[in-house]
Structures are given as C-alpha cells and as structure tokens.
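What follows is one structure encoded as structure tokens, with my remarks underneath.
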Amino acid sequence: MGLLTGKTALITGAARGIGKAIALRFAAEGANIAFTDLVIDENGKATEAEIASLGVKAKGYASNAADFAQSEEVVKQVKEDFGSIDILVNNAGITKDGLMLRMTEAQWDAVIGVNLKSAFNFIHACVPVMMRQRGGSIINMASVVGVHGNAGQANYAASKAGMIALAKSVAQEMGPKGIRANAIAPGFIDTAMTQELSEEVRKEWMNQIPLRRGGTVDDVANCAVYLASDLSSYVSGQVIQVDGGMNM
Ligand SMILES: NC(=O)c1ccc[n+]([C@@H]2O[C@H](COP(=O)([O-])OP(=O)(O)OC[C@H]3O[C@@H](n4cnc5c(N)ncnc54)[C@H](O)[C@@H]3O)[C@@H](O)[C@H]2O)c1
C-alpha cells in the first residue's frame, strides 16, 4: 500500500517541472492523477503515459488555470472521470520579472492571474467536492520570495505571498470540514524556470544556501507527498520552506 493509494490528485501546470515531479511521486504512492496544463501536446501526452506506467489512472486536461470558467469545467470533468478529488495542488506558475518602475500592467496582471487567481479558481471549484467527501488536502505552491520579497519580482512575490495567505484562510474556513490547506515555499530549484538565470546570479544564490546546492524537483515532491498524505493529518495552515536552509 502506498501513502496515497485510492486517492485522486489534481495538479495544475504539471506537464513538466515541479508539477510533473509531484505527479510522478504521488503516482508512485498509489494516487490516480489528473493534471492540467495550457496545452496537452506530445510532451503532455508523454507525461500522462509516464504517470500511467506506474500503474495508476492518469489524464491530462488542457486548460488555462487563470480562467475561472475553464477551471470550473476541468474540475467537473475530473470529478466525472475519476469519481473523487482528494488532493489539489495549485502549481501552475509563471514569472514576468521587472523592476517596479519598468513593470507593465500586463506583466502584473499576467503573473497575478496565473499564479494566484488560478488557485482561487481551483479551490473554489474543488472545495464543494471535498466537503461532500468530508476531507481533502490542498497544497499551494508558493515560493520563498512570497515570504521575504525579492527586488525585481514584485508581481511574482506578491502572487506567492497571496498563495500563502490563501492557504491559511482556507485552512481556517475549511478545517471543521476536514479539509487541510498548506503552502510549500521552494527556494532555488533546478528547473526550466531557473535555468534561464545567468551563471553570476546562480552563484549568488548558491552562496546564500547553507546546503550549497540548488534543490531538485524531487525535494519539492517529497514535501508535497507529506502534505498530501495522512502523515500530515494534524498539519494545516503552514508554509514549509524547501530551500536548503536559505531562509530561517
Ligand atoms: N523553479 C523554482 O526554482 C521555483 C521556486 C519557487 C517556486 N516555484 C513555483 O513552482 C511552480 C512550478 O514551477 P516550475 O519551476 O516547475 O516551472 P515550469 O515553468 O517548469 O512549469 C510550470 C508549468 O505550468 C504551466 N502553466 C503556465 N501557465 C499556465 C496556465 N495559465 N494554466 C495552466 N498551466 C500553466 C506551464 O506550461 C508549465 O508546464 C510554479 O508555481 C513556480 O512559481 C518554482
């Protein structure tokens, strides 16, 4: 028996990166996996097949997580296809960095929409399902910059701080219904998002990390398994920083 056997997890933005690692890790623990991404192309289909090869049900849904109506529709579809939704991971995220003076309204709106409104969309649609099931675990993917701020990332940091406050608020509202909500705040994780950074910036980050390495997507996925499973049955409204000790 895996830690998540018999559970259904819905993960947004999981065709690649951290979301995909979480999907694979959850599947290895026996969970059936529904995931979304903007498009389910060859890459998304390959992710779907890789998850299914672990012996669970897997299906990718093309949808824009920032769109309220599309998100509602996906949740409805997942409920029909899988029968239940026990775990929701709000993982879809983007960056559009810039210093405040140069940041455009479009940069602000895009990041808040994909990183924060998406979580509202999915939580809003999943909570009634979880209430009927008398339980559920919601995980918001935040970031250490949502706790500490970051010059040049006001939009991103504000969206991630919002993800933390959203998780805490949902934890308070939904606790009596057996629904837990927590946030993961990854630090510097080696993915496509961070590979775009210059060698100089990477070096700067490494110097601030006591463990002197970037995190792996599996480091984040292991934390997600803990929060999704009954191992954390008395843990709600928390932010776990997965950052090699960068922020204490
Ligand atoms: N990589 C890091 O160092 C790091 C650190 C802290 C937090 N995070 C957060 O972790 C999450 C995953 O990041 P990642 O590094 O795997 O990024 P990634 O870019 O590799 O993956 C993000 C996925 O989200 C999808 N996506 C983007 N916009 C979407 C939308 N509107 N609707 C649905 N899907 C959408 C992308 O297509 C992609 O598959 C993000 O929320 C990110 O902010 C990452």
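The values are calculated or read from the model by the stated rules, or taken from the named source; none is laboratory data. Everything numeric here is computed off the predicted structure, so don't read it as measured data. Neighbour counts run over all protein chains shown; Cβ positions are idealised from the backbone, glycine included.
Within the stretch 71-94, being free of Cβ contacts under 8 Å to residues at least 24 places away in the same chain and either within 9 Å of the ligand (Cβ to nearest atom) or surrounded by 16 or more Cβ atoms within 10 Å (Cβ to Cβ) (or both) holds for one residue alone: ILE94. Considering the stretch 118-130 alone, what residues qualify as being crowded, with 18+ Cβ neighbours inside 10 Å and either touching a Pro at 6+ places or on another chain (Cβ under 8 Å) or not small (Gly, Ala, Ser) (or both)? Answer for the stretch 118-130, where residues must be crowded, with 18+ Cβ neighbours inside 10 Å and either touching a Pro at 6+ places or on another chain (Cβ under 8 Å) or not small (Gly, Ala, Ser) (or both): ASN121, PHE122, ILE123, CYS126, VAL127, VAL129, MET130.
Just so you know, in the stretch 169-188 the residues that are away from the ligand (no atom under 15 Å from the Cβ) and part of a strand (DSSP E or B) include one that is nearest to MET130 (Cα to Cα), and it is ILE179. In this entry, ASP230 is excluded by the filter for residues that are under 30 Å from GLY30 (Cβ atoms), within 15 Å of the ligand (Cβ to nearest atom), touching a residue at least 24 places away in the same chain (Cβ under 8 Å) and not β-branched (Val, Ile, Thr). The listed residues are LEU197, LEU166, LEU211, and the only one of them that is in contact (Cβ under 8 Å) with a residue 40 or more places away in the chain and within 16 Å of the ligand (Cβ to nearest atom) turns out to be LEU166. Screening the candidates ASP97, ASP37 for the property of being crowded, with 20+ Cβ neighbours inside 10 Å and within 14 Å of the ligand (Cβ to nearest atom) yields one hit, ASP37.
Is it the case that GLY135 is over 25 Å from GLY245 (Cβ atoms), over 14 Å from the mean Cα position of the chain (by Cα) and modelled with pLDDT of 95 or more? For GLY135, the condition - over 25 Å from GLY245 (Cβ atoms), over 14 Å from the mean Cα position of the chain (by Cα) and modelled with pLDDT of 95 or more - is met. Is it fair to say ALA46 is under 16 Å from ILE22 (Cα atoms) and surrounded by fewer than 19 Cβ atoms within 10 Å (Cβ to Cβ)? Here the answer is yes, as ALA46 does meet what is asked. Within the stretch 51-67, if we keep just the residues that are buried (at least 16 other Cβ atoms within 10 Å of the Cβ), hydrophobic (A, V, I, L, M, F, W, C) and within 13 Å of the ligand (Cβ to nearest atom), the residue that is nearest to the chain's Cα centre (by Cα) turns out to be ALA65. Against the test of being away from the ligand (no atom under 16 Å from the Cβ) and either buried (at least 24 other Cβ atoms within 10 Å of the Cβ) or modelled with pLDDT of 95 or more (or both), the options ARG102, ARG16, ARG25 yield a single qualifying residue, ARG102. What's the number of the condition SER159 fails, among (1) of a type outside the set (Lys, Arg); (2) surrounded by fewer than 20 Cβ atoms within 10 Å (Cβ to Cβ); (3) within 30 Å of ARG102 (Cβ to Cβ)? Here SER159 clears every test but (2). If the condition is being within 10 Å of the ligand (Cβ to nearest atom), of a type outside the set (A, V, I, L, M, F, W, C) and closer than 24 Å to GLY2 by Cβ, then the stretch 214-227 contributes only GLY215. Residues in the stretch 130-162 that are out of contact with any helix residue (DSSP H, G or I) (no Cβ under 6 Å at 6 or more places or on another chain) and part of a helix (DSSP H, G or I): MET130, ARG132, GLN133, VAL144, VAL147, HIS148, ALA158.
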